[in-house]
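The values are calculated or read from the model by the stated rules, or taken from the named source; none is laboratory data. All of these numbers come straight from a predicted model, not from anything done at the bench. Cβ placement follows ideal geometry from the backbone for every residue including glycine, while neighbour counts extend to all protein chains displayed. Please note that ligands, DNA and RNA were not included when accessible areas were found on the heavy atoms of the full protein model with its side chains. Shrake-Rupley method; radii C 1.70, N 1.55, O 1.52, S 1.80 Å.
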Amino acid sequence: MKQLSNRQILLGVTGGIAAYKSAELIRRLKDAGADVRVVMTPAAQEFITPLTLQALSGNPVHTTLLDPEAEAGMGHIELARWADLILVAPASANFMARLAGGRGDDLLTTLCLATDAPIALAPAMNQAMWRDPATQSNVALLKQRHIHLFGPAAGEQACGDVGPGRMMEAEALASLAASLFKTRDLDGLSVVITAGPTREAIDPVRYISNHSSGKMGYALAQAAADAGAQVTLISGPTNLACPERVKRMDVISAQDMLAAATDTVVAADIFIACAAVADYRPAEFITQKIKKSTDTLQLELQRNPDIVSTVANHANRPFTVGFAAETQDLEHYAKDKMRRKNLNMIIANDVSDTSIGFNADQNRVVVFWPEGRTELAEMAKSQLARQLIAMLAKHYHQYAAAALDS
Ligand code: PMT
């Protein structure tokens, strides 16, 4: 079910005794890495409370079309656009009839009309209602409109009847939902990315830092999430918004960044060090603002820990990728860093050219790994990030396969 990683699933719950199974379904979808938002019809709320589904999904439950408070949070059109899939489970006979009739008389039917995402229904009803010609003609119409039908299963029903009409079990529904999505390069993998500069405090108002804007690292985080990874972005101070579906950990100094990296490293499959970490910090933090009493001022600096090297030498090391920002002898210095820091790959940029690299929207890189190299022409960082992630994924999968064989 790796294809569910990072997918946005809108779960519709309609009225029926099977509504209790929706709780389990939310857990299965979330365990597979999906973000789940729930919409309940009024009838569904007779069977299970919105509070239960809110607690399980971790998101507010939407119940009415004309609720100004909910619309202020995420309006119904926004919600319809948000969904990668609308899964209605259980789908009652009445809901299916209203959907087949093209009605938009409550939130859930309106969302189904307004979405471009695929829609899947898990019917649940009494066997006679399922067999009824009216329901069967609605089913045929819905299938014609490319709405997916998951089930129903057959067996003993809550009313005592035996036959078709039971909602499928949560596990089976989650795996059918997964099958609607194509697999992506990093489905289900955990990727940690460092980005931006670090700030090393001199006194309460001054610090040492550099020109990194975070743009390259944030673009990589977005591309990795789009490729299906669960992404943690360890970010130094930047003005950028957190990319969608990415968990951000904000840090200030190199020591903070090391602590965050150490916390995440064990669970990471891939670590990408894009941050421009300050190599040195003031040996001493002056607790009061330094006064301008002398013409010169000496600061003693102390070496910062090397974050990517620490990760790459960890007992449970992930596939570790570094960056090299160089102003001369790009290949020589990049390869040397890859060796010294024990990296699987290194991405080198020539930052003597100020139109790329630090704080620019464009970048041009050469990627090295022990057996080869490839050059990527100048392009927008967002586009470059997608190409880099595709390349890293290919190398990661070869590395993981080789590790399994040995
Ligand atoms: O943020 P932007 O404005 O978009 O700019 C992008 C960038 C130029 C910052 C980025 O493309 C880049 O080159 N990042 C690495 C910058 C850097 O510090 O390079 P370095 O050659 O000094 O370091 C080599 C590697 O060691 C890097 O992966 C760095 O993250 C890592 N490192 C360095 C020092 C340290 N104490 N700990 C580290 O982990």
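Laid out as a table, the results:
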| item | result |
| --- | --- |
| Electrostatic dipole magnitude of the stretch 2-179 [Cβ: Lys, Arg +1; Asp, Glu -1; Cα centre; debye, to 20] | 440 debye |
| Qualifying aspartates and glutamates (Cα of each under 14 Å from Cα of Lys182; at least 8 residues distant if same chain) | Asp84, Asp226 |
| Å² of accessible area per residue within the stretch 2-179, as computed with a 1.4 Å probe and no ligands counted | 44 Å² |
| Three semi-axes of the equivalent ellipsoid, the stretch 2-179, Cα gyration tensor, whole Å, largest first | 23, 18, 16 |
| Label-to-label distance, nm, for residues given as Thr354 and Ala55 (7 Å Cα→Cβ offset) | 5.8 nm |
| Rounded tilt (10° steps) of 381-405 against the dominant C-alpha axis of the chain | 80 degrees |
| Among Met96, Met257, Met216: highest mean-square fluctuation, GNM of the chain, C-alpha pairs under 10 Å | Met96 |
| Too-long pairs where the Cα-Cα distance tops 30 Å, listed order kept, from Lys2/Lys337; Lys2/Lys143; Lys30/Lys341 | Lys2/Lys337; Lys30/Lys341 |
| Whole-angstrom gap from the stretch 162-236 to the stretch 352-406, using each part's C-alpha centre | 18 Å |
| Debye log10 I(q)/I(0) for the chain, one point scatterer per Cα, at q = 0.09, 0.13 Å⁻¹ | -0.67, -1.03 |
| Rg/Rg_ref, the stretch 308-406, where Rg_ref = 2.2 N^0.38 Å and atoms are Cα | 1.10 |
| Ranked packing of 46-56, 80-90, most packed first, by mean Cβ within 10 Å | 80-90, 46-56 |
| Förster radius 25 Å - calculated FRET efficiency between Arg27 and Thr64, Cβ distance, rounded to 0.05 | 0.50 |
| Stokes-Einstein translational diffusion, the stretch 318-373 - Kirkwood Rh over all Cα pairs, 0.692 mPa s, 37 °C, in µm²/s | 289 µm²/s |
